[in-house]
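Enquirer: So that we are looking at the same thing, I have put the structure below in structure tokens.
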Amino acid sequence: MVETDEKKNLLLEGIPNCLPLLPVRDIVVYPYMILPLFVGREKSIKAVEASVAEYDRKIFLAAQKDPKTENPTAKEIFRFGTIGSIMKILKLPDGRLKILIHGLIRAKLTNFKQNENCFMANIKKIVEKETPERTLEIEALMRNVKSQMEKSLSLGKALLPDVVAIAGNIEDPGKLADLIVSNLVLKTEKTQEVLEIIDPVQRLKRVHELLSKELEVLGMQKKIQSQAKEEMDKDHKEYYLRQQLKAIQHELGQSDERTEEINDLKAKIKKAKLPEDAEKEAQKQLSRLAKMHPEAAESGMVRNYLEWLIEIPWNTATEDNLDIAQATKVLNEDHYDLEKVKERILEYLGVRKLKKDKMKGPILCFVGPPGVGKTSLGKSIARALGRKFVRISLGGVRDEAEIRGHRRTYIGSMPGRIIQGIKQVGSNNPVYMMDEVDKIGADFRGDPSAALLEVLDPEQNSTFTDHYLGLPFDLTNVIFIATANLLDPILPAFRDRMEIIHLTGYTELEKLKIANRYLIPKQFEENGVTDKDLHISDQAILKIINEYTREAGLRNLERELAAICRKRAKRKAEGIVQKLNVNPRNLHLLLGMPKYLREMEYDSEEVGVTTGMAWTMAGGEIIHIEATSMKGKGQLILTGHLGDIMKESAQAALSFARSRAEDLGLEDNFYSNKDIHIHIPAGAIPKDGPSAGVTMATSLVSLFTKKLVRKDLAMTGEITLRGRVLPVGGLKEKVLAAKRVGIHHIIIPARNKNDIQEIPKPVRQNMHFIFADRMEEILKIALKNGKSSKNNSS
């Protein structure tokens, strides 16, 4: 201790009381510190030079209060500093000096003066109090400080291991405090505060307090790093850094860069007024989104899901137009006839008007041939009710997810077509048309028809759950309208959920009226012509209907009318202003020669040829069934692209004829050495169904008995092995087909008698209906008593 005090006294005696002043920025120099400094200010360089030249390399170093000040005054420099010794000087190319400083002892600035070259400071050298004896308190304090220093190193504090080792060997509390505080990264004010404490024990206590706070900060930093590390993907460095920043901002109470997006979604959720279940799910997903990395794949999926939840019209509906007179006017403006459909919609309006509370929308299915106005009728219904209109085509749809949506586990998943359509129109009570439900397919991905069972069931669709949303959506306010050409392909359970309304084909008179009221004005507008440019007579329209089109609907008729309008538009564009009057005589100049001729190809009555009536997706058709025989082994040959049901009808007809061989005057084995061939033209057109059974039986009996069949007679009906005639469908279309080709005598099953009333009166006019319950009755009427002179068998 005595030797140390002597060294201090010698050091103090060798230092003058006035030294050049070197103001330093962002650092506080302590005794015993050795550190490099860069000197760039002119007066600071002069102070270094003066120290070397006149003051035995001694210089006073004091910290500036504001590091930005270039020329500090006495008030801008801390009063306490350190006397240092310049150990080395290096002049840099840019004019600055790099000096190595060794801190010696503390000193206090008593007077500040400035000469021409540099700052000069009158100083008072401070001698520290003698170190008291190592009491238990001091020993415990020193050990605690050393322990804190080691702990801070373990928590990631940037300390040199040598500093920790040196600190472990220091026995003086003052030196220990100076060493530690000089190596801690603290604010200048805090470091300066410790420098100004003269008592070594008090200084060490202050350092102990600062170390304790530093350990708290380091512990929090470690906690933040741990929290971030748990949520990050170790393979993504950028994600790790962002999570650290996020955790730091959370501890500081600051918002991150996604706050604006999250707040925007939160406001939209509140504005959307979602149902309780939907809002709960939206808040849950929003909370997940807030915790996710913004560039993560799942982040985009959650964001899309929230946007769907917000944009779906959960509680948005259009107000129904309950004025029945106005609705009737709208329906009549858009469509001619179709009284059943119009009446059903007006009934719904009437009930809706009387029943103020919630009412389930009807689920209708329009069945009819192409071109009769099924789809356009749906649009008209929506316009009459004042509702939005949605249309989806289900033809060829094979994936159940098209209806119910994809689950959110798949990237790119989205709701099914039902929810997509609801969102598209922005209303939860539109008129929803599903076209071509009879053409839905099914494969390994599921059966869309089965998925539609929930949609079209009034008892279930109040909680329709799309796989993507995972939430129930109420579809009871929606008016569903399905369309189909045929009922047979539709699943029975699916068909049972819909109210079937049949739309039959149009008669010639109906087509004429529709053409004049709707089609011609529409084509005039689309092709830029007026009634001053073009006139199409009723006789020309009828000729187009009979000889240029063959359909139950109106599509081909509209195409032919459009062709005439285009030709007139071309002439008008060429400058020809003369009005074009279209009549049957000049029609072929515009549309070419007729495409269809009457079906009466047979000029005379023949054996084995019978006229039948068929019903197809395009409406009614006339078919000629031909039967012939040749030498053979009793086989039955069927041609004409027949379906399985029609082939079975042919077998039944042959079995009936064979069973009646005795009644028909035939030998028992009349067929054993003959092959029977039945052909139904045209061979390229597929045909099926049981309604040609009586026609094929008539052809076979005519063939076997050599009796002629009346050519002015057409027939339809299913046959049994006992000869009974069973009822068939599509009667109106079949009668229309017969009338189109000039056949006025028709044999139909007796059990179809009531169906005759469904046929319009103009169609029934001049038609003779013959009702048959047994095959014998048909043969008695259809076959002539005289035999043909031609030999129709070989």
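The values are calculated or read from the model by the stated rules, or taken from the named source; none is laboratory data. Computed from a predicted model, the values in this text were never measured in an experiment. Using ideal geometry, Cβ is built from the backbone for each residue, glycine included, and neighbour counts are taken over all protein chains shown. All accessible areas refer to the heavy atoms of the entire protein, side chains included, with ligands and DNA or RNA removed. Shrake-Rupley method; radii C 1.70, N 1.55, O 1.52, S 1.80 Å.
Enquirer: How big is the accessible area of Leu486 in square angstrom, nearest 10, if you roll a 1.4 angstrom probe over the protein chains?
Expert: Here the residue's solvent-accessible area equals roughly 50 Å².
Enquirer: Also, quick follow-up: With unit charges on the beta carbons (Lys and Arg positive, Asp and Glu negative) and the dipole taken about the Cα centre of the chain, which residue among Asn183, Ile500, Ala278 sits farthest to the positive side?
Expert: The residue sitting farthest along the positive end of the dipole is Ile500.
Enquirer: Of Lys379/Lys567; Lys187/Lys213; Lys46/Lys190; Lys342/Lys379; Lys329/Lys439, which pairs sit farther than 24 Å apart, going by alpha carbon to alpha carbon?
Expert: Numbers: Lys379/Lys567 30 Å; Lys187/Lys213 13 Å; Lys46/Lys190 30 Å; Lys342/Lys379 13 Å; Lys329/Lys439 33 Å.
Over 24 Å Cα-Cα: Lys379/Lys567; Lys46/Lys190; Lys329/Lys439.
Enquirer: Hey, another quick one. Per residue, how many Å² of accessible area does the chain show with a 1.4 Å probe?
Expert: Spelled out: the 1.4 Å probe surface of the chain, per residue, equals 51 Å².
Enquirer: For Phe78, Phe494, what's the largest-to-smallest order of accessible area, 1.4 Å probe?
Expert: Order by accessible area, largest first: Phe78, Phe494.
Enquirer: Go through 663-670, 213-220 and give me the packing order, highest mean Cβ count within 10 Å leading. Don't skip to the end; give the middle numbers.
Expert: Working: 663-670: 11.6, 213-220: 14.0.
Descending mean neighbour count gives 213-220, 663-670.
Enquirer: Starting from the exponent 0.38 and prefactor 2.2 Å, build the expected Rg for the chain from its residue count and divide its actual Cα Rg by it.
Expert: Working it through for the chain, the quotient is 1.85.
Enquirer: Enumerate the calculated ³J(HN,Hα) couplings along region 767-784 in order (Karplus 6.51 cos²θ - 1.76 cosθ + 1.60, θ = phi - 60°), each rounded to whole Hz, writing x wherever the residue is Gly or Pro.
Expert: Karplus-based 3J(HN,Hα) across region 767-784 equals 9, 10, 9, 10, 9, 10, 10, 10, 5, 4, 5, 5, 5, 5, 8, 7, 8, 8 Hz.
Enquirer: With every protein chain left in place and a probe of 1.4 Å, what is the accessible surface of Thr463, to the nearest 10 Å²?
Expert: 80 Å²
Enquirer: Leaving out ligands, DNA and RNA but keeping every protein chain, what accessible area does Arg303 have, in Å² rounded to the nearest 10, with a 1.4 Å probe?
Expert: 60 Å²
Enquirer: Further question: Run the reach check for Lys572 against lysines, Cα to Cα strictly under 16 Å, same-chain hits fewer than 8 apart removed. What comes back?
Expert: Counting by Cα, and skipping residues close in sequence, Lys572 has these lysines nearby: Lys532.
Enquirer: With a 1.4 Å probe and all protein chains left in place, how much of the accessible area of the chain comes from carbon and sulfur atoms, in whole percent?
Expert: Percent of accessible area from carbon and sulfur atoms in the chain: 50.
Enquirer: On to the next question. Show that you can apply the helix-only estimate: for the chain, add -39,500 (n - 2.57) for every DSSP H stretch of four or more residues, divide by all residues, and state [θ] at 222 nm to the nearest 500.
Expert: -12500 deg cm²/dmol
Enquirer: With the contact rule set at Cα under 8 Å and sequence spacing of 6 or more, what percent relative contact order holds for the chain?
Expert: 7 percent
Enquirer: Among Ile625, Asn527, Ile27, which residue has its Cα positioned farthest towards the positive end of the charge dipole of the chain, with +1 placed on the Cβ of Lys and Arg, -1 on the Cβ of Asp and Glu, and the dipole taken about the Cα centre?
Expert: Asn527
Enquirer: What does the C-alpha gyration tensor say about the overall shape of region 21-121? Classify as rounded when a/c is under 1.5, otherwise prolate if a/b is larger than b/c, or oblate.
Expert: In terms of gyration-tensor shape, rounded.
Enquirer: For a test of the definition: using alpha carbon positions, the gyration tensor, and the 1.5 limit on a/c, classify region 408-516 as rounded, prolate or oblate.
Expert: Prolate is the answer for region 408-516, as a/c is 1.5 or above and a/b outweighs b/c.
Enquirer: Give me the dipole magnitude in Debye, nearest 20, for the chain about the Cα centre, with unit charges on the beta carbon: positive for Lys and Arg, negative for Asp and Glu. List each step's numbers first, then the result.
Expert: Numbers: 123 positive and 111 negative charges, 387 e Å.
Computed charge dipole of the chain: roughly 1860 debye.
Enquirer: Between region 297-325 and region 510-545, what's the alpha-carbon centroid distance in Å?
Expert: After rounding, the separation between the Cα centres reads 43 Å.
Enquirer: Where does each of Phe464, Phe38 land when they are ordered by accessible area, with a 1.4 Å probe and the largest first?
Expert: Phe38, Phe464
Enquirer: Mind checking which of Phe78, Ala484, Gly300 is farthest towards the positive end of the chain's charge dipole, using Cβ charges of +1 (Lys, Arg) and -1 (Asp, Glu) about the Cα centre?
Expert: Looking along the dipole axis, the top candidate is Ala484.
Enquirer: May I pose another question? Return the loop-located chymotrypsin sites (Phe, Trp or Tyr not before Pro) in region 268-329 (DSSP other than H, G, I, E, B) with at most 10 other Cβ atoms within 10 Å of their own Cβ; answer none if there are none.
Expert: Taking region 268-329 and a limit of 10 other Cβ atoms within 10 Å, no loop chymotrypsin sites (Phe, Trp or Tyr not before Pro) are found.
Enquirer: Quick check on region 517-558: take the gyration tensor over C-alpha atoms, sort the square-rooted eigenvalues as a ≥ b ≥ c, and tell me if it's rounded (a/c under 1.5), prolate or oblate.
Expert: Since a/c reaches 1.5 but b/c is at least a/b, the shape of region 517-558 is classed as oblate.
Enquirer: If DNA, RNA and ligands are ignored and the probe is 1.4 Å, what is the ranking of Arg203, Arg585, Arg555, Arg387 by accessible area, most exposed first?
Expert: Output order, biggest surface exposure first: Arg585, Arg555, Arg387, Arg203.
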